[in-house]
Amino acid sequence: MRVLKNFWRNACDKLLFIRKGFKTPEYVILGSVVFVATSFLLFYLIDLRNLWGIRDWMFSLERVYFYFTYTPFFFQHYGRNSGFAEIAQWGLLASAISLAFLLAGSVKSRSVHLSSLCFLLGIGFVLMLVEDAGNLRHTLMSYVQLAAGEPDQGVVGTLFEGIYFAVLGGIPLYAFIRYGRSLREYGRAFMYMIIGFVLYASAAGLSFAGTAFQMLLDRDLYTIMGDIMISLSLRLGDEALPALWESWNSGNWLYQVGFFLMDSLIEENLEILAGAFLVAALLTVKQNIKA
């Protein structure tokens, strides 16, 4: 009994010590982690275990009530275009834009390099928000594929998408390479910015590679990785899950479960975490300057 009390006391002391080091940037990161963890928990409880019959209820709903293509999965409600995950991303990106431009003006007399970094980051974040909110890439690529005669994404469509991502990510990447050293004097800002960039690059890389060369390949990367996700999910799910997902896949070729597990659950959560770390980096700079 004494061992348990000592363990609990030590654990509480460590948590209190960690919490004392928390400021607004850390709470932004913690909030995003909790948000993402909750999405995976609800995916497990609803999509895999049919908590309180919610999964059956979603399958019973009529699609005519929805202004978007309805699919009866929690992870699709969560991660679809303009879904809950994307709304969270828009809020984070909008916050990053506001902070970046605010800092670009307020630190100009203090550090030209930091001001330039923040200004270019603000421009890059605006373009990222436009892409996230408007799916501009898909619209432009549709016309490119029309001109190239590619009903599915082939060489031309994939090359266009690669160039698009290079331009979209090139502005903030150039800013960080050129002026990123100016963040080193602002506590954890430099580390948070690197983590945010790595997470966004991972999400963008998955998005690009996940559907690349669909016209030439029998199965794209998202389908292959989605099959792995399905195998893992079936092990964790209830007895009715295999037949349910197999029946859905056989009747809905354009909305395969495996593909959208990657697209709506994995990719979108990576972007939420990435946005949180970028906001945390800029907040850290702001707080250090104020201090």
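The values are calculated or read from the model by the stated rules, or taken from the named source; none is laboratory data. For clarity, every value in this text was computed on a predicted model and none was experimentally measured. Here the Cβ is made from the backbone with ideal geometry for all residues, glycine too, and neighbour counts use every protein chain on show. Only protein heavy atoms, including side chains, enter the accessible area calculation; ligands, DNA and RNA are left aside. Shrake-Rupley method; radii C 1.70, N 1.55, O 1.52, S 1.80 Å.
Table for the structure above
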quantity	calculated
Flag for PHE74 being without any contact (Cβ under 8 Å) to a residue 60 or more places away in the chain, over 25 Å from SER207 (Cα atoms), buried (at least 16 other Cβ atoms within 10 Å of the Cβ) and not basic (Lys, Arg)	no
Residue match in segment 3-19 (condition: modelled with pLDDT of 90 or more, open to solvent by 80 Å² or more (accessible area, probe 1.4 Å) and assigned to a helix (DSSP H, G or I))	no
Elements of type helices (runs of 4 or more DSSP H) in segment 83-167, at least 1 residues being surrounded by 14 or more Cβ atoms within 10 Å (Cβ to Cβ) and in contact with a Gly (Cβ under 6 Å, 6 or more places away or on another chain)	84-106, 136-148
Count of segment 52-95 residues which are over 14 Å from the mean Cα position of the chain (by Cα) and aliphatic (A, V, I, L, M)	5
All positions within segment 60-71 that are open to solvent by less than 40 Å² (accessible area, probe 1.4 Å) and touching a residue at least 12 places away in the same chain (Cβ under 8 Å)	THR71
Residue in segment 254-262 that is open to solvent by 20 Å² or more (accessible area, probe 1.4 Å), modelled with pLDDT of 85 or more and within 27 Å of GLY169 (Cα to Cα) present	yes
Only one of TYR186, TYR192 that is outside any helix (DSSP H, G or I) and either without any contact (Cβ under 8 Å) to a residue 12 or more places away in the chain or open to solvent by less than 20 Å² (accessible area, probe 1.4 Å) (or both)	TYR186
